[in-house]
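Reading through the structure tokens given below for one structure.
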């Protein structure tokens with residue numbers, strides 16, 4: 001059960017990293033000033049790197065108990081759903097009806113992968 005908690009943490013950190021990269025892209029890459037100006041000016045990028053590094057650690061712990069064929073699809077779909085929802089709610093990105101249909105198919109697919117896996 002702890003492996004699934006690590007997997008949940010991994011996909012949340014992956015999602016946070018992706019969202020922070022988007023936030024960084026909106027502000028641009030800061031290349032001028034001193035060391036601290038670079039850190040502060042690129043804070044979203046640096047935080048994204050930390051989130052992605054945390055993702056790798058949590059995902060590695062999850063893989064000690066879960067097969068890759070289950071953990072990877074679950075992490076990717078979990079991240080995909082979190083990022084899609086956040087994109088719609090925070091970034092005000094448009095999501096079309098057929099995209100929602102596609103999301104539902106993807107969620108059903110991952111449900112089948114997880115439900116019928118022999119672990």
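Things to note:
- Percentage of interatomic Cα-Cα distances in segment 53-119 larger than 20 Å: 40
- Those residues of segment 38-74 whose amide nitrogen sits under 13 Å from the label point placed on residue 113, 7 Å along Cα→Cβ: 67-74
- Bins of 5 Å, starting at 0 and running to the largest distance - Cα pair percent for the chain: 2, 11, 17, 18, 16, 14, 11, 6, 3, 2, 0
- Shape category assigned to segment 1-70 from the gyration tensor of Cα positions, a/c cut at 1.5: prolate
- Using a Förster distance of 41 Å, the FRET efficiency for residue 38-residue 8 (Cβ separation, nearest 0.05): 0.80
- Sum of -39500 (n - 2.57) over DSSP H runs of 4+, divided by residues of the chain (222 nm, nearest 500): -27500 deg cm²/dmol
- Modelled label positions at residue 76 and residue 56, each set 7 Å beyond Cα in the direction of Cβ, lie 1.9 nm from each other.
- For segment 41-87: rounded, prolate or oblate by the Cα gyration tensor [a/c cutoff 1.5]: oblate
No lab work stands behind these numbers, since they all come straight from the coordinates. Keep in mind that what you see is a predicted model, and the values were worked out from it rather than measured. As a convention, Cβ positions derive from the backbone with ideal geometry for all residues, glycine included, and neighbour counts pool all protein chains shown.
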